[in-house]
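Every number in this text was worked out from the coordinates using simple rules, so none of it is lab data. Keep in mind the model is a prediction, meaning the values are calculated, not measured. Don't worry about glycine lacking a Cβ; one is built from the backbone with ideal geometry, like all the others, and counts go over all protein chains shown.
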Amino acid sequence: MQNIKIVPEGDASLLIQFEQVISPEVNQKIAAAAKLIRAQQISGIIDMIPTYCSLLINYNPLVISYEALYKRVESIVRMESHSEAGKKKVWEIPVVYGGTYGPDLGAIAEHAGISEEEVIKIHSSKDYLIYMLGFLPGFTYLGGLDEKIHTPRLASPRVRIPAGSVGIGGSQTGIYPMDSPGGWQLMGMTPVKTYDPDRETPILVEAGDYIRFVPVTEEKYLEIKAAVEAGTYEVTVHEGED
């Protein structure tokens with residue numbers, strides 16, 4: 001268990017601390033450990049919350065004690081298999097960039113010293129690892145943004161950012177799952193609902209998955225949006241080895 005610590009976090013939570021760096025390798029260990037723990041179906045575990053460098057386990061102390069849970073978790077994270085590569089799940093998220101959908105695209109391009117078209121090309125050219133979900137239900141913290149388009153947050157956050165907005169905040173990019181205040185620079189919008197409380201699985205993606213942004217025209221955006229509202233749209237998903 002090199003560089004891994006297990007500590008109590010309050011009276012009903014256990015925290016597994018991995019290496020304190022933000023990296024795909026650490027994230028893979030966290031996601032794999034969560035998968036192994038979930039597979040054990042340990043009675044008393046309420047939920048698990050992965051973050052950049054740790055995995056928080058909330059449990060019912062009336063069902064399982066901290067000591068008993070510690071032993072179970074310790075034996076699981078000792079398994080070498082939790083660091084092995086697994087299948088890479090990539091969600092294709094259509095995005096209409098610029099204009100009223102991405103009012104800060106010009107500012108992002110100006111900050112980078114490149115054209116808006118080049119910003120779009122860079123932003124949509126790779127798969128982004130979902131390190132964790134937070135801030136809002138289904139809000140994705142994505143890693144791997146090209147340094148060329150790193151952009152500071154707005155000096156004055158907006159009071160309302162529409163659901164589906166795709167933005168950049170410093171070295172990260174992400175999708176706003178619902179209307180909310182926010183300070184990220186907005187570059188586009190997706191019609192896909194990453195959070196829908198009426199859906200059987202409200203949050204579309206999971207930490208450890210990947211997102212690939214696919215540029216679309218406004219016409220295509222509106223077409224997909226109508227299909228999403230009608231419940232007939234299915235997000236394209238690719239799976240393969242890491």
Original post:
Helix 24-40 versus the longest principal axis of the chain: what is the Cα-based angle in degrees, 0 to 90, to the nearest 10?
Top reply: 50
Original post:
Quick one: SER54, SER156, fewest Cβ neighbours within 10 Å first, how do they rank?
Top reply: SER156, SER54
Original post:
Taking the Cα centre of the chain as the origin, how large is its charge dipole in debye, to the nearest 20, when only Lys and Arg (+1) and Asp and Glu (-1) carry charge on their Cβ atoms?
Top reply: 460
Subject >> Residue-wise HN-Hα coupling along the range 7-23, computed from phi with Karplus coefficients 6.51, -1.76, 1.60 (Hz; x: Gly, Pro) >> reply: 9, x, 10, x, 9, 9, 9, 10, 10, 9, 9, 9, 3, 8, 9, 8, 8
Subject >> Distance between the range 40-74 and the range 123-184 - C-alpha centres, whole angstrom >> reply: 30
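Among LYS87, LYS71, which comes first, second and so on when ranked by fewest other beta-carbon atoms within 10 Å?
Ranked by crowding around the Cβ, least crowded first: LYS87, LYS71.
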Subject >> Karplus (6.51, -1.76, 1.60) ³J(HN,Hα), θ = phi - 60°, over the range 171-178, in Hz, Gly and Pro reported as x >> reply: 9, 10, 10, x, 10, 7, x, 7
Original post:
So who's got an amide H within less than 5 Å of the one on LYS88, skipping anything under 5 residues away but keeping other chains? H placed 1.01 Å off N, in plane.
Top reply: GLY240, GLU241, ASP242
Original post:
How far apart, in nm, are the 7 Å Cα→Cβ label points at GLU9 and SER124?
Top reply: 3.7
**OP:** Of the options VAL192, TYR141, SER125, report the single residue whose Cα projects farthest towards the positive end of the charge dipole of the chain (beta-carbon charges: Lys, Arg +1; Asp, Glu -1).
**Re:** TYR141
Original post:
Stretched out fully, how many nm does the piece from GLU147 to GLU25 gain, at 0.36 nm a residue minus the Cα gap?
Top reply: 42.0 nm
Original post:
Hey, quick one: spin label on VAL63, modelled 7 Å out along Cα-Cβ, who in the range 19-55 has an amide N within reach, i.e. under 19 Å?
Top reply: 34-50
Original post:
Where does each of 227-234, 124-131 land if you order them by average Cβ count within 10 Å, highest first?
Top reply: 124-131, 227-234
Original post:
Taking neighbour Cβ counts within 10 Å as the exposure measure, how do ARG212, ARG199, ARG160 sort from fewest upward?
Top reply: ARG160, ARG199, ARG212
Original post:
Of LEU204, PRO50, PRO177, which is farthest on the positive side of the dipole of the chain, counting Cα position, with +1 on Lys and Arg Cβ, -1 on Asp and Glu Cβ, and the Cα centre as origin?
Top reply: PRO50
**OP:** Please name whichever of ILE161, PRO24, LEU62 sits farthest to the positive end of the charge dipole of the chain, dipole taken about the Cα centre and charges placed at Cβ: Lys and Arg +1, Asp and Glu -1.
**Re:** LEU62
**OP:** Quick one: which residues, 5+ away or cross-chain, put their amide H under 5 Å from the amide H of ILE93? H built at 1.01 Å from N.
**Re:** ARG212, PHE213, VAL214
Original post:
Can you run phi through the Karplus equation (6.51, -1.76, 1.60; θ = phi - 60°) for the range 228-233 and list ³J(HN,Hα) in whole Hz, with x for Gly and Pro?
Top reply: 4, 5, 7, x, 10, 8
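Cα gyration tensor of the chain, axes a ≥ b ≥ c as square roots of the eigenvalues: rounded (a/c below 1.5), prolate (a/b > b/c) or oblate?
prolate
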